[in-house]
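Everything on this sheet refers to the single structure shown next.
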Number of protein chains: 2
Amino acid sequence: MVSARRKKDRLVLDTSIFVNPDVRNDFGSSPSEAMNNFLLMAEQIPSLEFYMPSSVFDELLNFVDKRRIPGALLAVLHRKSPSKHELTTPAFFLYELIEDMRQRINKGLRVAEAAVKSAGKVDEREIIQGMRKSYREALREGILDSREDVDLILLAKELDAVLVTVDQGAVKWAEKLGIRWLLPEKFKEYLQSFIDKA
Amino acid sequence: MVSARRKKDRLVLDTSIFVNPDVRNDFGSSPSEAMNNFLLMAEQIPSLEFYMPSSVFDELLNFVDKRRIPGALLAVLHRKSPSKHELTTPAFFLYELIEDMRQRINKGLRVAEAAVKSAGKVDEREIIQGMRKSYREALREGILDSREDVDLILLAKELDAVLVTVDQGAVKWAEKLGIRWLLPEKFKEYLQSFIDKA
């Protein structure tokens, strides 16, 4: 219904598509190869427009050799940040975010307590390493926890685009805002279906 | 400028005014007494309207004897939640909230690490109690961390009201939204100035 108003549908892509092995392997064995193969497909689909938030694009540059990015990619994958000073989000979003954080803060405290209780039993360095891992998991998993995540969902909202990411936290919050999203493991098949129809 | 458009100016009150001793003592030696004395003043100021979010009002009921709340208070202090499904907040707010949380999460982890390192040196129960305190301080101080805080700032925004709270976290976020606020320790003098002018 929504996309019918426009000739071109839009997609907002996360780095994870080119980096996370579960999805990336559909496109190539390295981030650079995956990116190039995505480009070859995307160029054949004039009916889709691809976007990536600037912050997420910068993340991608940590994984690919900048010199190997073809100029054609930049013509296909538009780099754009959300208009964060004009966009608004519904106020109930704030309540959910804060409730989510409260629960996680409590989880983090329980992780810390368990670590203190186990101190003395095993090597201290080991306890601290284990605690760091559990703590980060408890506080971050499924949460909207980074500027990059917020950029993804706000850009998708702004452009009325389909979000493609492996990040479950971003998907969860995208759903709260009524943003369309794609199972990332079906992304290549999705693109192929446009090529087959052409 | 803003309030000139309306005959009556509005104030959104936090429980802390009647509970936090620093401010409450201006009004009375107990929350119930403070509330009653506030009421006596408020009744003399027809040019001000007082509001309290429902969630905050419920908090207040933990501190005062429900049976001692005079009906007149309910005529003066309006109980109202913000219209959270209609209100929106600027998107940059989300970025700031998430950045704030990230910093606090890291602080919490450092608190936990310090606790593990001190384990074995002092009594375990003592370490855990100390850690809980430091952890909560690290993660909550100055932050918008509860439904009640969000209710306060959103209601003030919705009503274009002056916020009166002792909570520095709420004040900090109120400022981001351009909400007017009052030094809580001047609240009684502020009310008195209206009575004197009458």
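Of A:LYS107/B:LYS80; B:LYS7/B:LYS84; A:LYS66/A:LYS176; A:LYS121/B:LYS121; A:LYS172/B:LYS133; A:LYS157/A:LYS186, which pairs sit farther than 24 Å apart, going by alpha carbon to alpha carbon? Cα-Cα > 24 Å for A:LYS107/B:LYS80; B:LYS7/B:LYS84; A:LYS66/A:LYS176; A:LYS172/B:LYS133; rest within. Summing Lys and Arg as +1 and Asp and Glu as -1 over all other residues whose Cβ lies under 9 Å from the Cβ of A:ILE98 gives a net charge of -3.
Can you pull out the trypsin sites (Lys or Arg not before Pro) in segment A:1-104 whose DSSP state is coil and whose Cβ has at most 16 other Cβ atoms within 10 Å? It would help to have the intermediate numbers written out before the result.
Details: sites: A:ARG5, A:ARG6, A:LYS7, A:LYS8, A:ARG10, A:ARG24, A:LYS66, A:ARG67, A:ARG68, A:ARG79, A:LYS80, A:LYS84, A:ARG102, A:ARG104; in loops: A:ARG6, A:LYS7, A:LYS8, A:LYS80, A:LYS84.
Within segment A:1-104, the qualifying trypsin sites (Lys or Arg not before Pro) (loop, at most 16 other Cβ atoms within 10 Å) are A:ARG6, A:LYS7, A:LYS8, A:LYS80.
Comparing B:LEU163, B:LEU152, B:LEU87 in a Gaussian network model of chain B where C-alpha atoms under 10 Å apart are linked, the largest mean-square fluctuation is found at B:LEU87. For A:TRP181, the residues whose modelled amide H falls within less than 5 Å of its own, excluding neighbours fewer than 5 places apart on the same chain, are A:LEU163.
Between B:LYS80 and B:MET52, B:SER54, the built amide H atoms are under 5 Å apart, and every one of these is 5 or more places off in sequence or on another chain. Of the GluC sites (Glu not before Pro) in segment B:85-178, the ones in a loop by DSSP (not H, G, I, E or B) with at most 15 other beta carbons within 10 Å are B:GLU86, B:GLU141.
Net charge near B:ILE195, counting Lys/Arg +1 and Asp/Glu -1 over other residues with Cβ under 11 Å of its Cβ? Walk me through the numbers on the way to the answer.
Numbers: positive: B:LYS188, B:LYS197; negative: B:GLU43, B:GLU189, B:ASP196.
Neighbourhood net charge equals -1.
Of A:ASP58, A:ASP149, the sequence from fewest to most neighbouring Cβ atoms within 10 angstrom is A:ASP58, A:ASP149. The calculated FRET efficiency for B:ILE195 paired with A:LYS107, based on their beta-carbon distance and R0 = 45 Å, is about 0.35.
Inter-chain Cβ neighbour count for A:80-87, averaged per residue, equals 3 (cutoff 10 Å, partner chain atoms only). For chain B, a Gaussian network of Cα nodes joined below 10 Å ranks B:VAL116, B:VAL150, B:VAL162 by mean-square fluctuation, and the top entry is B:VAL116. Counting charges near A:LEU152 (Lys, Arg +1; Asp, Glu -1) among other residues having Cβ under 15 Å from its Cβ returns a value of -2. Under a Gaussian network description of chain B, with springs only between Cα atoms under 10 Å, the residue in B:VAL111, B:VAL64, B:VAL166 that fluctuates furthest is B:VAL111.
Couplings for segment A:13-21, taken from phi via the Karplus curve 6.51 cos²θ - 1.76 cosθ + 1.60 with θ = phi - 60°, read 9, 9, 4, 3, 4, 9, 10, 4, x Hz in order; Gly and Pro are left as x. Segment B:24-49 and segment B:57-119 have Cα centres spaced 23 Å apart. Sorted from nearest, the other copies put their A:SER29 label points 8.3 nm away, the label point being 7 Å from Cα in the direction of Cβ.
Charge dipole of the protein assembly as shown (Cα centre as origin; +1 on each Lys and Arg Cβ, -1 on each Asp and Glu Cβ, all else neutral): 260 debye, rounded to the nearest 20.
For A:ARG10, the residues whose amide H sits under 5 Å from its own are A:GLU49, A:VAL162, ignoring neighbours fewer than 5 places away on the same chain, with H placed 1.01 Å from N. Name the shape class, rounded, prolate or oblate, that the alpha-carbon gyration tensor gives for the protein assembly as shown, where a ≥ b ≥ c are the square roots of its eigenvalues, rounded holds for a/c under 1.5, and otherwise prolate holds if a/b is larger than b/c and oblate otherwise. In terms of gyration-tensor shape, oblate.
Read the figures in this text as sums done on the coordinates, not as results from a lab. Source: prediction; values computed, not measured. For neighbour counting, all protein chains shown are included, and Cβ atoms are generated from backbone atoms with ideal geometry for every residue, glycine included.
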